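Data block below; observations after.
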Amino acid sequence: MPSDKFLEVIDLRKVFSVSGGFRGKSADVVAVDDISFSIRRGETWGLIGESGSGKTTTGRMILGLEHVTSGHIVVDGHETTNLTGERMRRMRQRVQVVFQDSGSAFNPRLPVGPQVGAPLRRFKLCDAKEATRRVLGLLEKVGLGESHYDRYIHEFSGGQRQRLGIARALTTDPEFLVLDEPTAALDVSVQAQVLNLLKDIQEERGLTMLLITHHLALVEHMCASAGVLDNGRFAEQGPVDQLLHNPQSEVTKKLLDAVLEPKAA
């Protein structure tokens, strides 16, 4: 019987070696310090923290974009820590990411449609005609149209750029999405639209998601459980209602003070 846990992070640690320290010697900086958490299949789990807390580094290790110093990452029962080669390639089909500014990942000299479909070619999932058909379907799914296929990234608003980023993340039909501050660059009303789109897609496809953010209001909107990182360690983790209404750490209280409720779309 498959486990209810889709993602398990076990004693994860990341140490960077920084040159130019005392007397020109390199120094070790601990970015993530032996953290553990798990995400149930079909759940959105929130990873919260201020800038420099280690949350983005954690996401990059889960995605295989950053080498793990020690610990384990298990995706759907399979160890994915520091994968290379073909095993990493197969994992990338199942695990995708939506970044803070999806527009920056698009080449400004090329139309966006073929770029949304680039993963289909990279993983050899279908021929060119089928790739175009799938991309047009994904554009419609995220609230864009066929006319957007041949446009360039500068012709899109911030919210539309995030929709393009979501469409591209969905091209390989992944099971898990890492959302790294996906609405940080958007105004509040557009934030709600993008988050509601993600919730609709999650319900339709049964996606498991990790939401990385500094914004507790977004976590309240998207997640049932979350953890608060502080200097690479968990200050606390548990049900979101508990974090919001009975915070146990100073960093959680500080994040609560900065909450701005998003408007419903």
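The values are calculated or read from the model by the stated rules, or taken from the named source; none is laboratory data. Being a predicted model, the structure only gives us computed values, none of them experimental. A quick note on method: Cβ atoms are made from the backbone with ideal geometry, for glycine too, and the neighbour counts reach across all protein chains shown. The protein model used for the area step is the full one, side chains on, heavy atoms only, and it has no ligands, DNA or RNA in it. Shrake-Rupley method; radii C 1.70, N 1.55, O 1.52, S 1.80 Å.
Structure data summary
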item: Segment 158-192: number of residues that are part of a loop (DSSP other than H, G, I, E, B), without any contact (Cβ under 8 Å) to a residue 40 or more places away in the chain, under 17 Å from M222 (Cβ atoms) and open to solvent by 10 Å² or more (accessible area, probe 1.4 Å); result: 1
item: Single residue of V30, V15 found to be surrounded by fewer than 18 Cβ atoms within 10 Å (Cβ to Cβ), over 21 Å from A226 (Cβ atoms), among the aliphatic types (A, V, I, L, M) and free of Cβ contacts under 8 Å to residues at least 60 places away in the same chain; result: V15
item: So T58, is it farther than 19 Å from E181 by Cβ and either of a type in the set (A, V, I, L, M, F, W, C) or in contact with a strand residue (DSSP E or B) (Cβ under 9 Å, 6 or more places away or on another chain) (or both); result: no
item: Close pairs (6 angstrom Cβ cut-off, 6 or more residues apart or separate chains): at pLDDT 95 or above in segment 215-235, among the basic types (K, R) and buried (at least 22 other Cβ atoms within 10 Å of the Cβ) anywhere; result: L229/K55
item: Residues that are among the hydrophobic types (A, V, I, L, M, F, W, C) and either crowded, with 16+ Cβ neighbours inside 10 Å or touching a strand residue (DSSP E or B) at 6+ places or on another chain (Cβ under 9 Å) (or both), drawn from segment 92-116; result: V95, V97, V98, F99, F106, V112, V116
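Residues checked against (1) more than 22 Å from the chain's Cα centre (by Cα); (2) on the phi < 0 side of the Ramachandran plot:
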residue: L65; (1), (2): no, yes
residue: I73; (1), (2): no, yes
residue: D76; (1), (2): no, no
residue: R87; (1), (2): no, yes
residue: F106; (1), (2): no, yes
residue: L136; (1), (2): yes, yes
residue: G145; (1), (2): yes, yes
